[in-house]
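Chemist: There's a structure below that I have some questions on.
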Amino acid sequence: MVRRRTLCRAVLTLSLGVVALAAQGQGLADVAKTTDAQRKSHTVPTTVLKVRPSAGDGGPVKLTEGVLQRYLQARVALADLRRADKKLDGRLYAAVKNASHYDDLGPPYAREADIVDLFATYGLGTDDYLQIEAAMLRGRDYAAYPQLSKERLSPVQRENVDFVKKHLSLVSDVLQRGKAAEQGLMWWTVIPNFH
């Protein structure tokens, strides 16, 4: 909690510094009025074009303890962002309701500039974030049902399943802490297909 508060203060301080430099002599009230006017006049969501990597350009994310830590930090920060921006939270909720597969969530996440920027802070893209979550859930299923065949999985997906089996308590902790951070937010009851 203290760490998140410190991070929020640092981001706020940095943001105010950037705004102050960008204003170049304008008063803070003038900057606030200009920003507010721009925000009110900009009704269309920002579109961020993102090319999904091919298998040769990086492909699936390989799970490590460091990757899971970055994912958890991004998920907690996303929960804070969703609390602060109820309209964004509503758009994400609608996207999830219309999704039949985790891949369907990539474009709605990528259209949200705030989410793209937030994930980039933790060295993740929107697809990376979703791939990590899907890999943890997939691995958890394979750990619970060892009779499932891994034939359809790519080599990296197989490695991720093995990683999750080996680090099941860590993965469970990451998922539980992420869910705890989202307490009180609108969320889906059915997780889209991740296999």
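The values are calculated or read from the model by the stated rules, or taken from the named source; none is laboratory data. The structure displayed is predicted, hence computed values, not measured ones. We place every Cβ from the backbone using ideal geometry, glycine too, and count neighbours over all the protein chains shown.
Chemist: Could you give me the residue pairs with C-beta distances under 8 Å whose first residue belongs to region 84-102 and is under 10 Å from residue 186 (Cα atoms), whose second residue is hydrophobic (A, V, I, L, M, F, W, C) and assigned to a loop (DSSP other than H, G, I, E, B) wherever it lies, and which are 6+ apart or on separate chains?
Modeler: From residues that are under 10 Å from residue 186 (Cα atoms), the pairs are 89/185; 89/186; 90/186; 93/186; 93/187; 93/188.
Chemist: Also, quick follow-up: Is one or more of the residues making up region 99-110 in contact with a Gly (Cβ under 7 Å, 6 or more places away or on another chain) and at pLDDT 90 or above?
Modeler: Within region 99-110, not a single residue is in contact with a Gly (Cβ under 7 Å, 6 or more places away or on another chain) and at pLDDT 90 or above.
Chemist: Working only within region 111-152, note down all residues that are among the small types (Gly, Ala, Ser), assigned to a helix (DSSP H, G or I) and either in contact with a Leu (Cβ under 8 Å, 6 or more places away or on another chain) or farther than 17 Å from residue 81 by Cα (or both).
Modeler: Correct list: 134, 135, 139, 143, 144.
Chemist: Still on this structure: For region 105-112, check the following and say yes or no: at least one residue is hydrophobic (A, V, I, L, M, F, W, C), touching a Pro at 6+ places or on another chain (Cβ under 8 Å) and either surrounded by 21 or more Cβ atoms within 10 Å (Cβ to Cβ) or closer than 15 Å to residue 179 by Cα (or both).
Modeler: yes
Chemist: Oh, and also: Under 6 Å between Cβ atoms, which residue pairs at least 6 apart in sequence (or on different chains) link something in region 122-151 that is surrounded by 13 or more Cβ atoms within 10 Å (Cβ to Cβ) with a partner that is among the hydroxyl-bearing types (Ser, Thr, Tyr)?
Modeler: 126/109; 130/102; 132/71; 134/102; 148/142
Chemist: Considering 173, 162, 127, 104, which residue is within 18 Å of residue 70 (Cβ to Cβ), out of contact with any helix residue (DSSP H, G or I) (no Cβ under 7 Å at 6 or more places or on another chain) and among the acidic types (Asp, Glu)?
Modeler: Step by step, each of 173, 162, 127, 104 is checked, and only 173 is within 18 Å of residue 70 (Cβ to Cβ), out of contact with any helix residue (DSSP H, G or I) (no Cβ under 7 Å at 6 or more places or on another chain) and among the acidic types (Asp, Glu).
Chemist: Look at residue 171 and say whether it is modelled with pLDDT of 90 or more, surrounded by 14 or more Cβ atoms within 10 Å (Cβ to Cβ) and more than 20 Å from the chain's Cα centre (by Cα).
Modeler: For residue 171, the condition - modelled with pLDDT of 90 or more, surrounded by 14 or more Cβ atoms within 10 Å (Cβ to Cβ) and more than 20 Å from the chain's Cα centre (by Cα) - is not met.
Chemist: What's the number of the only condition in (1) loosely packed, with under 15 Cβ neighbours inside 10 Å; (2) at pLDDT 80 or above that residue 92 fails to meet?
Modeler: Every listed condition holds for residue 92 apart from (1).
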